[in-house]
Amino acid sequence: MRAHLSSALATVRNLGILAHVDAGKTTVTERMLYITGATYKRGEVHDGTTVTDFDPQERDRGITIFAAAVSCTWDGHRINLIDTPGHVDFSDEVERSLRVLDGAIAVFDGVAGVEPQSESVWRRADRYGVPRIAFVNKLDRAGADLDAAVESIRARLHPAPLVVQLPIGREDGFTGVVDLIAMRALVWSGDACQTGPVPEELAEEAAQRRRLLEEAVAELHAGALEEFCTRPSLSEETLTAALRDLTRTGAGVVVLCGSAYRNRGIEPLLDAVVRYLPSPLDVPAVRGQEGEERPADPAAPLAALVFKVTSAASGRLTYLRVYSGTLRKGDTVLDAGTGRTERIGRILRVQADRHADTDAAVAGDIVAVVGPKAARAGTTLCAQDAPLLLEPPVATEPVVSVAVEPRRSADADRLAAALARLAEEDPSLSVRTDPETGQTVLSGMGELHLEVAAEKLRRDHRLELAVGRPKVSYREAVVRGVSGVLYRHVKQDGGAGQFAHVVLDVEPLDEGFVFESTVTGGRVPREYVRAVELGCRDALESGPLGGHPVTGLRVTLTDGATHVKDSSEMAFRAAGRLGLREALRACEMVLLEPVAEVTVTVPDAMAGAVLGDLAARRGRVSGSQARAGSVVITAVVPLAEVFGYASRLRSRTQGRGTFTTRPAGYAPAG
């Protein structure tokens, strides 16, 4: 029985589709569903008929906003796909998806190559160690160039790109590819793919590229090198096995090409998914925060990670990846973070917005469940008798805020409940009340992110809203620190008093907050040191320049004193908070504002006007590159100056300019 389950796991592929906005992720996903028979009709983004972009806002805007899970079958393998957003404002959706995936397809535009968000999602995949294959899309477009796209992958992403195909024809004449591994031609006519010999006019170039591929693989793979040195060429079996190993270790990236819109190149892409990307059995055993390991074994104790929560007509859906064990309908499981138990009412196989009930999910499955009331993205659900806490996805800090209020005061309670549900579904959104104005403030990753959230409140919850202008989230940082700041907290108001004595040093850091203690001789007991740290963290919430959060500092507790009766953790926490506030007032501080890397593509003749406008927005141009009658300008611009830039760029370029942004951290406000 166990052998049968293991063989079934070997035929599962859990992968995501990653790319920059408009590179063709959703079209690639739709064609994969169509080719595998999961759908009977090709979905089109421009027609609003796609399976994965099912939300009304996605269809209205023509972009992916929410990660959508779908499944299909190819060559006896079940492929679980997650189509992720490409827009930078929704990168948190990508982060949560990558946390539960075993592999990914990175889609690149055949004209633009590596774009800003392509690079961002690639780095996120690096962080989680997700093996990838690359698909250079849109080779039928004017200006498309596979070699240029591959060179941008090599230069900007720094993997070893291993190109396994040669295009047949260019731009409008692109009709197929030469498979350099099997040395055969694949030519598409409509939806039909014909296999045949390599065309004579491409035979020499194909042989040269096959040799370059063999040399590149032999440099990276010991087994291939051994055969390369003893035989005239690598066999198809050796080359395939070596490419599989290099993909799964991350030492190389297999590169394929095609045109998803014209249905060219999808079948070999599906073959590559099956051949090169790992199954749940091929990835390392999942590891808990205490170092415990759980294998991908349906018979092992249950361990599952929640990566998404949504509200649907069928109720609250909790999406999770089962890493080990078996989850059955009716099971009671443990929330390892809170210690609460949750009951699984239903288990659903997900096909975008459609669901099918199933009785059980085993290790390697990605499913949705109905029943858990308190589970959030990042929650670990596990067996009650074998607790395990998994590392949650990294949470992204919001950088843009708007004030929201109902137009009718009677809707105040409904708005509060709707905002709480919105923040539960999307952890990159946060809700707070401004202590000075009493306004409800919604914070997110960007202007579009907040627009989508506000529209969701209007459509799904039927609320009439007034939304303020976007505002950025400032930070305060230490430029020059102080040492030896003494603070005595003494309070006596009858009964037991409060006494705490601390001495603090403050010095600048590049980012974040670090607390250390160099107190010796037990002058401050360990439990009080922890209380001082908590007090210091309380003080970081409001800095001396404008009440903004403080970052970029190291605080060291160097000395202190206690009272035999009046000292307590509460007293030392207060001393830490008030002492650090006093120390920060003595430090030299700087106000930081969020900045974004803006990439603008404009016709040559309009570059000057765009450069002038970027300078007026306090932008610092970091580079420009000519590309087929246009110029690509890269600049770092304060995020506050990017609001409304889309309409300004359209007016300055007669609607011919485009731009993208990605977060670039914080910089001193100018």
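The values are calculated or read from the model by the stated rules, or taken from the named source; none is laboratory data. Remember, predicted model here, so these are calculated numbers, not experimental data. When we count neighbours, we look across all protein chains shown, and the Cβ atoms used for this are built from the backbone with ideal geometry, even at glycine. Accessible surface is based on the protein model in full, side chains and every heavy atom, while ligands, DNA and RNA are left aside. Shrake-Rupley method; radii C 1.70, N 1.55, O 1.52, S 1.80 Å.
Suppose we keep only residues that are in contact with a strand residue (DSSP E or B) (Cβ under 8 Å, 6 or more places away or on another chain) and either open to solvent by 70 Å² or more (accessible area, probe 1.4 Å) or not in a strand (DSSP E or B) (or both) within region 628-642. Which one would you say is farthest from residue 474 (Cα to Cα)?
629
Yes or no: region 353-370 includes at least one residue that is in a loop (DSSP other than H, G, I, E, B) and in contact with a Ser or Thr (Cβ under 6 Å, 6 or more places away or on another chain).
Yes, the conditions are met somewhere in region 353-370.
In region 156-190, which residue that is under 24 Å from residue 251 (Cβ atoms) and among the small types (Gly, Ala, Ser) is nearest to the chain's Cα centre (by Cα)?
By that ranking, first place goes to 160.
Within region 319-335, take every residue that is modelled with pLDDT of 90 or more and either among the small types (Gly, Ala, Ser) or within 25 Å of the chain's Cα centre (by Cα) (or both) and give me the one that is farthest from residue 294 (Cα to Cα).
330
For region 473-514, enumerate the residues that are surrounded by fewer than 20 Cβ atoms within 10 Å (Cβ to Cβ) and in contact with a helix residue (DSSP H, G or I) (Cβ under 6 Å, 6 or more places away or on another chain).
Scanning region 473-514 gives 482, 498.
Name the single residue, out of those in region 100-133 being part of a loop (DSSP other than H, G, I, E, B) and β-branched (Val, Ile, Thr), that is farthest from residue 153 (Cα to Cα).
100
When both residues are 6+ apart or on different chains and their Cβ atoms are under 8 Å apart, which pairs have a first residue that lies in region 66-82 and is open to solvent by 10 Å² or more (accessible area, probe 1.4 Å) and assigned to a loop (DSSP other than H, G, I, E, B), and a second that is at pLDDT 90 or above and not hydroxyl-bearing (Ser, Thr, Tyr)?
75/270; 75/271; 75/274
Can we say residue 521 is on the phi > 0 side of the Ramachandran plot, outside any strand (DSSP E or B) and either open to solvent by less than 40 Å² (accessible area, probe 1.4 Å) or not aliphatic (A, V, I, L, M) (or both)?
Judged against the criteria, residue 521 is a match.
Which of the residues that make up region 115-143 are closer than 23 Å to residue 629 by Cα, among the hydrophobic types (A, V, I, L, M, F, W, C) and crowded, with 23+ Cβ neighbours inside 10 Å?
136, 139
Kindly indicate whether any position in region 550-563 is open to solvent by less than 60 Å² (accessible area, probe 1.4 Å), under 15 Å from residue 508 (Cα atoms) and touching a Cys at 6+ places or on another chain (Cβ under 6 Å).
Yes, that holds for at least one residue.
Do we have any residue at all in region 444-464 that's assigned to a strand (DSSP E or B), open to solvent by 30 Å² or more (accessible area, probe 1.4 Å) and at pLDDT 85 or above?
no
Quick check, is residue 469 assigned to a loop (DSSP other than H, G, I, E, B), more than 27 Å from residue 668 (Cα to Cα), in contact (Cβ under 8 Å) with a residue 24 or more places away in the chain and among the basic types (Lys, Arg)?
No.
Taking region 88-114 as the search range and keeping residues that are open to solvent by less than 10 Å² (accessible area, probe 1.4 Å) and small (Gly, Ala, Ser), which one is nearest to residue 16 (Cα to Cα)?
If we take residues in region 88-114 being open to solvent by less than 10 Å² (accessible area, probe 1.4 Å) and small (Gly, Ala, Ser), then 104 is nearest to residue 16 (Cα to Cα).
Taking only region 406-441 into account, find how many residues are of a type in the set (A, V, I, L, M, F, W, C), more than 24 Å from residue 373 (Cβ to Cβ) and either exposed (fewer than 15 other Cβ atoms within 10 Å of the Cβ) or within 23 Å of the chain's Cα centre (by Cα) (or both).
2
Sort out for me the helices (runs of 4 or more DSSP H) sitting completely within region 201-280 that have 1 or more residues that are of a type in the set (Lys, Arg). Step through it out loud before you land on a result.
Numbers: elements: 222-230, 236-249, 266-276.
Here the list reads 236-249, 266-276.
Quick one: would you say residue 569 is open to solvent by less than 50 Å² (accessible area, probe 1.4 Å), over 22 Å from residue 479 (Cβ atoms) and of a type in the set (Asp, Glu)? So that I can check it myself, show each step before the final result.
Working: open to solvent by less than 50 Å² (accessible area, probe 1.4 Å): no; over 22 Å from residue 479 (Cβ atoms): yes; of a type in the set (Asp, Glu): yes.
So residue 569 fails the test.
Being assigned to a helix (DSSP H, G or I) and modelled with pLDDT under 80 is the filter; apply it to region 646-670 and report the residue that is surrounded by the fewest Cβ atoms within 10 Å (Cβ to Cβ).
Top of the filtered list is 647.
Name the residues in region 162-185 that are in contact (Cβ under 8 Å) with a residue 24 or more places away in the chain, in a strand (DSSP E or B) and open to solvent by 10 Å² or more (accessible area, probe 1.4 Å), would you?
Result: 163, 167, 168, 179.
Confirm whether residue 486 is closer than 30 Å to residue 638 by Cβ, out of contact with any Pro (no Cβ under 6 Å at 6 or more places or on another chain) and either free of Cβ contacts under 8 Å to residues at least 24 places away in the same chain or not hydroxyl-bearing (Ser, Thr, Tyr) (or both).
no
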